[in-house]
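Just below is one structure, and these are the notes that go with it.
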C-alpha cells in the first residue's frame, strides 16, 4: 500500500483524512483477500470442469450428489461402505465422462471401433 502524499505542513484535519483513507484501503484489501480465500474451492471446481472438457458438468455433479443421497440415505455407515466399494470405479467414470463430454466436429470420422452415425 502506498501512503498518501501529504504537504510538508499538513493540518491535523488533512492528516485525519489521510488516515481514514489508509484504513479504508486496508479494509478493502482485507475483504479482497478473504473473498479470494472463500472462492478458491469454487475456482478449483471450475478449473477441474474445464480440464475434464465436460459440456454438462453441472448436470453431472447434480446427478452425482443425487445418487450419493439416494444410496446413502440416512445411514452414514451405508454411505461410507458404498463409497469404499465405488472407489475403484472412479477412474472408469472419469474416462467415460471425458469420452461423452468431448465434442466432435461435424463431418469428422468416428473413433476406431465405432460404427458411423
- prompt: If you scan segment 34-50, which residues turn out to be surrounded by 10 or more Cβ atoms within 10 Å (Cβ to Cβ) and more than 30 Å from residue 95 (Cα to Cα)?
  reply: 34, 35, 36
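For segment 1-19, what are the residues that are at pLDDT 80 or above and either under 24 Å from residue 98 (Cα atoms) or loosely packed, with under 10 Cβ neighbours inside 10 Å (or both)?
8, 9, 12, 13
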- line: Pairs returned, first residue in segment 1-15 that is closer than 23 Å to residue 30 by Cβ, second residue that is in a loop (DSSP other than H, G, I, E, B) and at pLDDT below 85, beta-carbon separation under 8 angstrom, 6 or more apart or interchain, are 15/6
Subset of segment 51-61 (residues that are modelled with pLDDT under 75, within 17 Å of residue 92 (Cα to Cα) and part of a helix (DSSP H, G or I)): 52, 57, 60, 61
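The values are calculated or read from the model by the stated rules, or taken from the named source; none is laboratory data. In this text the structure is predicted, and so the values were computed from the model without any measurement. Ideal geometry is used to build each Cβ from the backbone, glycine not excepted, and the neighbour counts take in all protein chains shown.
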